[in-house]
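A short worksheet on the structure shown next.
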């Protein structure tokens, strides 16, 4: 069932774009009627639609964005007349043009204020970023010092490694010297053994010759002894 609702809105609602906003919400909710400024500074809305639709319409009107500021909203229900075919903004004279200029000015003012606040915020963030950058710079310097320290330690380690390499080379030289001495000793020992072998051969031959002479002398002595015994025996027999 269609009903009529007469709404009175007070606050910063005139020459702030409020009537255009009301008209947009009326079109969105399929509400018919009018909206106009009153001499006392309020705005009067006459709307016809089903009651649930009108309730949603009023809720949307209350959500008007700045620069409009609603201080009070009151409504009464009446019998619908069905006289409206759409929703119209009622202007008087050049009121529409003046209101749009006022709205534009207020929006520019709001934007300037917002921009100023944002610039302040940006300035604060820049200061914070500056501090962070300086902090990063300090950390980079600290890291650079640590890197230089590591480089110095690497250089020192390289020097120690080179010194160890030199000592290893010296030990290698000493080892090669010992090896040479061992080779020389081995060669000398081999030569001594060769000499001993040769001398042993000579001594062995000399001993064999001496033994052979002793054998020969022993045989000769045996023969001589046998002949002597025979001679003695023969001489004794002749005496008897």
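The values are calculated or read from the model by the stated rules, or taken from the named source; none is laboratory data. Keep in mind that what you see is a predicted model, and the values were worked out from it rather than measured. Cβ coordinates were reconstructed from backbone atoms using ideal geometry, including for glycine residues, and neighbour counts include every protein chain displayed.
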Mind checking which residues of the range 30-41 are surrounded by fewer than 20 Cβ atoms within 10 Å (Cβ to Cβ) and within 22 Å of residue 69 (Cβ to Cβ)? 36, 38, 39, 40, 41
From 7, 3, which residue is surrounded by fewer than 20 Cβ atoms within 10 Å (Cβ to Cβ) and touching a helix residue (DSSP H, G or I) at 6+ places or on another chain (Cβ under 9 Å)? 3
Can you tell me which residues in the range 43-58 are closer than 18 Å to residue 91 by Cα and either touching a residue at least 60 places away in the same chain (Cβ under 8 Å) or surrounded by 18 or more Cβ atoms within 10 Å (Cβ to Cβ) (or both)? 43, 45, 46, 47
Criterion violated by residue 104 - all others in (1) surrounded by 12 or more Cβ atoms within 10 Å (Cβ to Cβ); (2) at pLDDT below 95 satisfied: (1)
With criteria (1) modelled with pLDDT of 75 or more; (2) over 60 Å from the mean Cα position of the chain (by Cα), residue 192 comes up short on (1)
Residue by residue through the range 24-49, note down the ones that are more than 17 Å from residue 83 (Cα to Cα) and within 60 Å of the chain's Cα centre (by Cα). 24, 25, 28, 29
Only one residue in 31, 68, 53, 64 is over 26 Å from residue 111 (Cα atoms) and touching a strand residue (DSSP E or B) at 6+ places or on another chain (Cβ under 7 Å), so which one is that? 31
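Quick grid of which residues meet (1) modelled with pLDDT of 70 or more; (2) within 38 Å of the chain's Cα centre (by Cα); (3) not in a helix (DSSP H, G or I):
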residue	(1), (2), (3)
132	yes, yes, no
142	yes, yes, no
160	yes, yes, no
171	no, no, no
178	no, no, no
186	no, no, no
213	yes, no, no
Look at residue 21 and say whether it is surrounded by 16 or more Cβ atoms within 10 Å (Cβ to Cβ), closer than 30 Å to residue 112 by Cα, at pLDDT 95 or above and under 60 Å from the mean Cα position of the chain (by Cα). yes
